[in-house]
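**Student:** The structure follows.
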Amino acid sequence: MTANSREAQLSAAFVKLADTLVTDFDVVDLLHWLVEECTRILDTEAGGLLLVDAVGVLQLIASTSEEAQLVEVLQLAAGEGPCLDCFRTGTAVTVGDMQVNAGKWPKFSAEAIRRGFLSVHATPLRLRGQIIGTMNLFSTHTGELNPADIAVAQALADVATIGILQERTIKSSSIITAQLQHALDSRILIEQAKGVLAATSGMTMNDAFIAIRAYARNHNLTLAKVADGVIARTLDVTTATIGK
């Protein structure tokens, strides 16, 4: 990627992010877009995003592929990994070679390597000292992100976090908790709907999510609303195509 094309992509990402945050927005869709955009701009191969729930436990909310999702789920189940360290400290964690650092997080490292990921970068979602989650970018090659890339990932994550914890909700912790829990509940519905589509139409789980999101965007609905319709068999999303 040339410097000019990268700068153009980054500018477009911030414009789209800012545009999204001035209207009512779907938190789950925003976070999927965020991790996909960071993966693309920073030339990584996959990504996942975790949010903290009402009792302070991290939960998977978005991922770019089933492979990344499995690694993230294992990381949570094992209670170890760079994203958990990132969440606990509120600082970015970069691992340039999973094989060299395997001893630090043995279960996570083994699964990441098995899925073909050799390096990872974890970025905190934080605002004014409050940490609500982490974004994790995986690469199939070794090498740490450079300082400029780390700054880009953090800047995009910071703006998205501001969107999630808007000023009107920062004043009420109960509203913040409800908003984050709604996003987590939506994720559960989406996973169920993906399973329904995979079982009834033969789609892969990745293609099932693409169809759900396409239908949601084409009909100005939230992902959770569409997922609920898929589960109830009241919506047919199999012919949906996503616009550019």
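The values are calculated or read from the model by the stated rules, or taken from the named source; none is laboratory data. All values derive from a computational prediction rather than experimental measurement. With ideal geometry, Cβ positions are generated from the backbone for all residues, glycine too; neighbour counts draw on all protein chains shown. Surface accessibility is based on the protein's heavy atoms, side chains included, excluding ligands, DNA and RNA. Shrake-Rupley method; radii C 1.70, N 1.55, O 1.52, S 1.80 Å.
**Student:** Assign unit charges at the C-beta atoms only (+1 for Lys and Arg, -1 for Asp and Glu), then state the dipole size of the chain relative to its Cα centre in Debye, rounded to the nearest 20.
**Tutor:** 300 debye
**Student:** On full extension of the chain, what length is gained from Glu7 through Ala78, given 0.36 nm per residue of separation minus the C-alpha to C-alpha distance?
**Tutor:** 21.8 nm
**Student:** According to the square roots a ≥ b ≥ c of the eigenvalues of the Cα gyration tensor, what is the shape class of the range 21-70, taking rounded for a/c under 1.5, prolate for a/b larger than b/c otherwise, and oblate for the remainder?
**Tutor:** oblate
**Student:** Suppose every Lys and Arg Cβ carries +1 and every Asp and Glu Cβ carries -1, with no other charges. What dipole size does the range 1-130 come out with about its Cα centre, to the nearest 20 debye?
**Tutor:** 440 debye
**Student:** Work out how much length Thr238 to Arg40 would gain on full extension: take 0.36 nm times their residue separation and subtract the Cα-Cα distance, in nm to one decimal.
**Tutor:** Residue separation times 0.36 nm, minus the Cα-Cα distance, leaves 68.7 nm.
**Student:** With a cut-off of 8 Å between alpha carbons and a minimum separation of six or more residues, what is the relative contact order of the chain in percent?
**Tutor:** Answer for the chain is 17 percent.
**Student:** Another question, then. How large is ³J(HN,Hα) for each residue in the range 89-103, as worked out from phi by the Karplus curve 6.51 cos²θ - 1.76 cosθ + 1.60 (θ = phi - 60°), to whole Hz, x for Gly and Pro?
**Tutor:** These are the phi-based 3J(HN,Hα) values: 9, x, 10, 5, 10, 10, 10, x, 8, 4, 5, 5, 9, 4, x Hz.
**Student:** Shifting gears a bit: If I model a spin label as a point 7 Å beyond the Cα along the Cα-Cβ vector, how far apart are those points for Val55 and Thr200 in nm?
**Tutor:** Once both label points are built, they end up 3.2 nm from each other.
**Student:** Can you bin the range 1-110 into rounded, prolate or oblate? Criterion: square roots of the alpha carbon gyration tensor eigenvalues sorted a ≥ b ≥ c, rounded for a/c under 1.5, prolate for a/b above b/c, oblate for the rest.
**Tutor:** oblate
**Student:** Once phi is turned into θ = phi - 60°, what whole-Hz ³J(HN,Hα) does the Karplus curve with 6.51, -1.76 and 1.60 give for every residue of the range 106-119, x standing for Gly and Pro?
**Tutor:** x, 5, 4, 4, 4, 5, 4, 5, 4, 8, x, 9, 10, 8
**Student:** Between the range 199-223 and the range 104-144, what is the separation of their alpha carbon centroids in Å?
**Tutor:** 27 Å
**Student:** So, one more: Taking Cα atoms of the chain, Rg/Rh with Kirkwood Rh, to two decimals?
**Tutor:** When Rh is taken as the Kirkwood radius, the ratio is 0.95.
**Student:** Hey, another quick one. Just want to confirm a number: the relative contact order over the range 186-230, from Cα pairs under 8 angstrom separated by 6+ residues, in percent.
**Tutor:** 49 percent
**Student:** With every protein chain left in place, what is the accessible area of His141 in Å² (1.4 Å probe, nearest 10)?
**Tutor:** Rounded to the nearest 10, that gives 90 Å².
**Student:** With the Cα gyration tensor of the range 57-172 giving a ≥ b ≥ c as the square roots of its eigenvalues, does the rule (a/c under 1.5 for rounded; else a/b larger than b/c for prolate; else oblate) give rounded, prolate or oblate?
**Tutor:** prolate
**Student:** Can I ask one more? Evaluate E = 1/(1 + (r/R0)^6) for Ala110 and Glu66, where r is the Cβ-Cβ distance and R0 equals 30 Å; express this FRET efficiency to the nearest 0.05.
**Tutor:** My answer for the efficiency is 0.95.
**Student:** Give me the net charge of Glu66's neighbourhood, meaning all other residues with Cβ under 10 Å from the Cβ of Glu66; Lys, Arg count +1, Asp, Glu -1.
**Tutor:** Summing Lys and Arg as +1 and Asp and Glu as -1 gives +1.
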